[in-house]
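Chemist: The structure is given below, and queries will be raised subsequently.
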Amino acid sequence: MATSEPRRPATIRTVAELAGVSKSLVSLVLRGSPNVSEARREAVQRAIDELGYRPNAIARQLTERRTNMVGVLLSDLRNPWFVDCLDGLVSVLQTNGLRVLLTDVRLDRDSGDALLHGLLEMRVDGLVVMGSIPSSPAILEASRGTPTVVAAGRDIRHPGIDVVVNDDWVGIGLAVDHLTDLGHRRIAHLAGSFAAVADVRRRSYEAAMAAHGLRDEVLIEPSDMTEEGGYRAAVRLLARADRPTAIIAVNDIACIGAMSAAQELGLRVPQDVSLIGYDNSSLAQLRHLWLTSVDGASDEVGRVAAAALLRRIADPGSESSEQLIRPTLRVRNSTGPPPGAISS
């Protein structure tokens, strides 16, 4: 008994033939164009239903030279601040019909350029560099052909690349103001390394201390923005004979390391030492930590970065811009008056 051949998938050509119209008119119907009569629209829809036609998204994207995808090059997905920033970014992009392809540079920093090239090979419509990722010839070259925005990073500066970042200078100033209002003078800073963001936070700490007449009290301890790095740096600070009564850490993760160091040394937080983090990440908001932290407006940074990318996709030749998102201070249980202070 003869077997029938498998039915071939319907194409835009077979839809047009069955409906008795041109392929271009079928394309107009598929795109929802208003310039098609109701009778012809119904004829095309009947043919689509009868043939079980499914538009070829890949072919359509190639024709329109759009993939509706945005590549995100992220510095470290382990940091919860970036997860929150990513939430803000994705929510705006998805609302505008764009999907996100994510790569984490931390997994292999030596192959960062290869990860970037992989995104570009997917013909992404735009690129977001999120976090402290060093500038490279590959990123600058990519920005010439692909709309590019930097979110939450200060390491890349180039015409045609928009930057959306937290105002770190203001943020550290808020932390110093809070501690001096409580009566602290010996305020130390757990500084980060290698990243431009960490450098701005360090310089802001120095300026804020000087503004309060505490230039001679400036005490900076190098760290690496990790919990272990924060722990080791805090041990060095708190082992000093003139140990600080308060510490401002470069981020929440390093601050949690400092909290562990204080507890292991038998110091109470905040009675013996006050601690302030930066980012107001989900970690700072855990009830058993309840960490005072500078809120870097992660979700807003992501949303504003997405809006900047949409504008650059629409107008690739526009001048580059830098947008600073103002932070706030979230006061919780890790800060209080210095030891021996008389409470009012």
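Chemist: Of the residues that make up the range 125-143, is at least one of a type in the set (S, T, Y) and surrounded by 19 or more Cβ atoms within 10 Å (Cβ to Cβ)?
Modeler: Yes, the conditions are met somewhere in the range 125-143.
Chemist: Follow-up question, since we're still on this one. Exactly one of (1) small (G, A, S); (2) in contact with a Leu (Cβ under 8 Å, 6 or more places away or on another chain); (3) part of a helix (DSSP H, G or I) is unmet by G277. Its number?
Modeler: Evaluating G277 over (1) small (G, A, S); (2) in contact with a Leu (Cβ under 8 Å, 6 or more places away or on another chain); (3) part of a helix (DSSP H, G or I) leaves (3) as the failure.
To keep it simple, each residue is scored yes or no on (1) among the basic types (K, R); (2) modelled with pLDDT of 90 or more; (3) part of a helix (DSSP H, G or I).
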residue	(1), (2), (3)
L89	no, yes, yes
L93	no, yes, yes
G97	no, yes, no
R109	yes, no, yes
A114	no, no, yes
G118	no, no, yes
V128	no, yes, no
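Chemist: Closer than 30 Å to R157 by Cα, free of Cβ contacts under 8 Å to residues at least 12 places away in the same chain and not assigned by TED's automatic domain parsing to the domain that holds M130: is that true of A254 in this structure?
Modeler: No: the conditions fail for A254.
Chemist: Okay, next question. If you scan the range 165-210, which residues turn out to be free of Cβ contacts under 8 Å to residues at least 12 places away in the same chain and among the small types (G, A, S)?
Modeler: A210
Chemist: If you don't mind, there's one more thing I want to ask. Any residue in the range 145-164 that is within 18 Å of H117 (Cα to Cα) sitting within a Cβ distance under 8 Å of a residue that is hydrophobic (A, V, I, L, M, F, W, C) and in a loop (DSSP other than H, G, I, E, B)? List the pairs, counting only those 6 or more apart or interchain.
Modeler: T146/V124; V150/I156; I156/I133
Chemist: May I pose another question? Look through T103, T146 and report the one residue that is β-branched (V, I, T), more than 26 Å from M225 (Cα to Cα) and not assigned by TED's automatic domain parsing to the domain that holds S204. Please lay out each step first, then the result.
Modeler: Numbers: T103 fails: more than 26 Å from M225 (Cα to Cα).
Residue meeting the stated conditions: T146.
Chemist: What number of residues in the range 239-274 are touching an Asp or Glu at 6+ places or on another chain (Cβ under 6 Å) and assigned to a helix (DSSP H, G or I)?
Modeler: Adding up the residues that qualify gives 4.
Table: residues versus (1) touching a His at 6+ places or on another chain (Cβ under 6 Å); (2) at positive phi; (3) of a type in the set (G, A, S).
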site	(1), (2), (3)
E264	no, no, no
V269	no, no, no
A297	no, yes, yes
G302	no, no, yes
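The values are calculated or read from the model by the stated rules, or taken from the named source; none is laboratory data. None of the values given here were measured: they were computed from a predicted structure. Heads up, the Cβs are rebuilt from the backbone with ideal geometry, glycines too, and the neighbour counts pull from every protein chain shown.
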